[in-house]
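Asks: Mind having a look at this structure? Questions to follow.
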Amino acid sequence: MFVFPSAIGAADQNTSGNGVTIGPSESKTVLVHAATKKKVKKTYKKVKAATKKKVKKTYKKVKAASSYKSSSYKSSGTADTSDPTLDSIMRSGSGYRYSSAYHTGADLVAHGCGDCWAFSDYLNGKFQAAGYQSRIVQYATSYSSRHRSVQLYQNGAWKTVPYRAYGYPYLIV
């Protein structure tokens with residue numbers, strides 16, 4: 001309970017219950033209730049933090065499937081050292097790496113890497129400049145629906161150049 005001083009003095013204040021009457025007389029009195037402090041019980045809810053489970057990923061090695069006819073698409077498995085020009089051109093392209101970022105023969109030379117389109121463009125240009133009858137063929141593989149490689153016309157038939165014999169990256173073959 002509080003006692004408030006008034007303009008007249010503390011003697012004119014009456015207290016009853018939770019309030020205080022302030023004023024010179026009963027007709028001009030103001031009833032003031034004291035503020036009460038109510039304790040509020042705070043409750044906290046425990047929340048379980050969500051955890052990310054680590055999932056072990058496993059991968060299987062599988063053989064690549066192809067959708068082209070194997071009879072029309074054979075590559076000789078040995079390097080052709082009997083033709084020094086062919087051998088030189090194939091060796092010049094085998095030093096480049098694979099990258100999906102570059103797609104032309106000029107990019108292959110400038111950046112040292114390229115995709116099957118870049119290798120095909122590079123080799124086809126070199127073969128035609130050397131006088132060979134060559135072409136770029138496009139077909140679907142398990143890696144791409146638009147894979148490209150180079151074929152040479154030799155002994156009356158089109159043959160894919162021997163990429164593997166010269167150690168080309170496996171995505172080019």
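The values are calculated or read from the model by the stated rules, or taken from the named source; none is laboratory data. Please read all numbers here as calculations on a predicted model, not as lab measurements. Cβ atoms come from the backbone with ideal geometry, glycine included; neighbour counts cover every protein chain shown.
Asks: Among the residues of region 62-101, how many are at pLDDT below 90, aromatic (Phe, Trp, Tyr) and surrounded by 15 or more Cβ atoms within 10 Å (Cβ to Cβ)?
Replies: The qualifying residues number 1.
Asks: So is Ser82 in a loop (DSSP other than H, G, I, E, B) and closer than 18 Å to Ala165 by Cα or not?
Replies: Yes: the conditions hold for Ser82.
Asks: Just checking, how many residues over region 108-125 are buried (at least 20 other Cβ atoms within 10 Å of the Cβ), assigned to a helix (DSSP H, G or I) and not polar (S, T, N, Q)?
Replies: Result for region 108-125: 8.
Asks: Could you tell me whether region 130-142 includes any residue that is in a loop (DSSP other than H, G, I, E, B) and within 16 Å of Ser94 (Cβ to Cβ)?
Replies: For region 130-142, residues in a loop (DSSP other than H, G, I, E, B) and within 16 Å of Ser94 (Cβ to Cβ): absent.
Asks: Could I ask something else about it? Counting only residues that are surrounded by 15 or more Cβ atoms within 10 Å (Cβ to Cβ), modelled with pLDDT of 90 or more and of a type in the set (S, T, N, Q), how many does region 128-150 have?
Replies: Result for region 128-150: 2.
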